[in-house]
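The values are calculated or read from the model by the stated rules, or taken from the named source; none is laboratory data. Source: prediction; values computed, not measured. Reconstructed Cβ throughout: ideal geometry from the backbone, glycine too, with neighbour counts over all protein chains shown.
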Ligand SMILES: *Cc1c(COP(=O)(O)O)cnc(C)c1O
């Protein structure tokens, strides 16, 4: 069977080149006579893979030397707990822009004082909430945001100014898709399965002066300070997922890096939003100013037509377009690995479906 265009929100499509390299190296990596999966995480050969992957993250994102780069387990959801367990002593501010932001806030409440300083929950998360910097606690341990809201298809058009208060960002669904100045953040973290590589890794980038404050009862595997001291190898890291992430990052570098990829991503998203804006049939669900470039959400005139759209698209080789179960409708996730041709094929299908089904 031919490969399809996979619009899944995560785990998501990966670069074919990375998959091909992995297939070629599956049974025998270089001259080791074994698969990467079978290697000790302490072996020289594996440490080379690990170090190269970390170096690629640093190079592609421009991570300064005074930031630690960690590869941990537990996914993004593990970091919902790790953030307060490593940073929260007095009080933290959260902006509630979507389901994952809300989940992070609720998790943090287990560990200390947490304030919600802005929320778009009442508006059905169709926008990034309006905030007033005067509401931020100038002595907060951190201010927490989710840069791209995967389920609702929204993205921060600008970042909040937090002064001395460290900005903590869940970038799970838009990391490496656009240029961010890492210096604006105290902590950036992301689950890997959207735009980094396969599931199984939480990538954490943390400014080193924020280390050393973990709760005494923080589990060792969530303790950034301990993990940094041990090169992410306090225990066995997700070795194969890190290797695969490295292959994906090499591919990204070959595409010209994050800035070049951002241009392609803007072009891909524009293709779909232009079509949605010109149509009386489809309705985009996110407010224009906050539209995500990674997750494009929309509806047809009825839930029945939404379902028919998803089904007929799949028959045409465009799969996993069903919206998240919380919101319904249609969602096209177009991360870095989704080629322009895939988005063009979707746009063509959308035009055809509209023509066949408009009244
Ligand atoms: C997918 C996602 C998560 C959850 O990731 P897991 O790795 O499944 O825990 C959290 N935050 C955002 C923004 C996401 O897109």
Please list, ordered by first then second residue, the pairs with beta carbon atoms under 7 Å, 6 or more apart or interchain, first in region 139-153 and farther than 15 Å from residue 79 by Cβ and modelled with pLDDT under 95, second within 10 Å of the ligand (Cβ to nearest atom) and not in a loop (DSSP other than H, G, I, E, B). none
Would you check if residue 132 is surrounded by 14 or more Cβ atoms within 10 Å (Cβ to Cβ) and under 29 Å from residue 211 (Cα atoms)? no
Residues that are without any contact (Cβ under 8 Å) to a residue 24 or more places away in the chain and in a loop (DSSP other than H, G, I, E, B), drawn from region 3-28: 3, 25, 26, 27, 28
Does region 9-24 contain at least one residue that is out of contact with any strand residue (DSSP E or B) (no Cβ under 9 Å at 6 or more places or on another chain) and more than 30 Å from residue 322 (Cα to Cα)? yes
List the strands (runs of 3 or more DSSP E) inside region 29-148, counting only whole elements, that have at least 3 residues being under 23 Å from the mean Cα position of the chain (by Cα) and within 16 Å of the ligand (Cβ to nearest atom). 67-72, 92-96, 143-146
For region 188-214: of the residues being closer than 15 Å to residue 78 by Cβ and either over 14 Å from the mean Cα position of the chain (by Cα) or not assigned by TED's automatic domain parsing to the domain that holds residue 162 (or both), which is farthest from the ligand (Cβ to nearest atom)? 214
Which of the numbered conditions does residue 75 fail, given that it passes all the others? Conditions: (1) under 19 Å from residue 223 (Cβ atoms); (2) not assigned by TED's automatic domain parsing to the domain that holds residue 247. (2)
Any residue in region 290-312 that is outside the structural domain of residue 195 (by TED's automatic domain parsing), within 22 Å of the chain's Cα centre (by Cα) and assigned to a helix (DSSP H, G or I)? yes
Output the number of the condition that residue 247 fails; it satisfies all remaining conditions of (1) touching a strand residue (DSSP E or B) at 6+ places or on another chain (Cβ under 9 Å); (2) buried (at least 17 other Cβ atoms within 10 Å of the Cβ); (3) more than 19 Å from residue 173 (Cβ to Cβ). (1)
Could you go through region 280-297 and let me know if any residue there is within 16 Å of residue 357 (Cα to Cα) and out of contact with any helix residue (DSSP H, G or I) (no Cβ under 7 Å at 6 or more places or on another chain). yes
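Which one is farthest from residue 264 (Cα to Cα) among residues in region 158-181 that are more than 16 Å from the ligand (Cβ to nearest atom) and touching a residue at least 60 places away in the same chain (Cβ under 8 Å)? Steps first, please.
In the first step, residues of region 158-181 are kept if they are more than 16 Å from the ligand (Cβ to nearest atom); the result is 158, 160-166, 179, 181.
So of that shortlist, the ones also touching a residue at least 60 places away in the same chain (Cβ under 8 Å) come out as 160, 165-166, 179, 181.
On the way: 160: 26, 165: 33, 166: 31, 179: 12, 181: 19 Å.
Filtering first and then ranking leaves 165.
Would you check if residue 259 is under 18 Å from the mean Cα position of the chain (by Cα) and either loosely packed, with under 14 Cβ neighbours inside 10 Å or modelled with pLDDT under 95 (or both)? Before the answer, list the steps.
Numbers: under 18 Å from the mean Cα position of the chain (by Cα): yes; either loosely packed, with under 14 Cβ neighbours inside 10 Å or modelled with pLDDT under 95 (or both): yes.
Yes: the conditions hold for residue 259.
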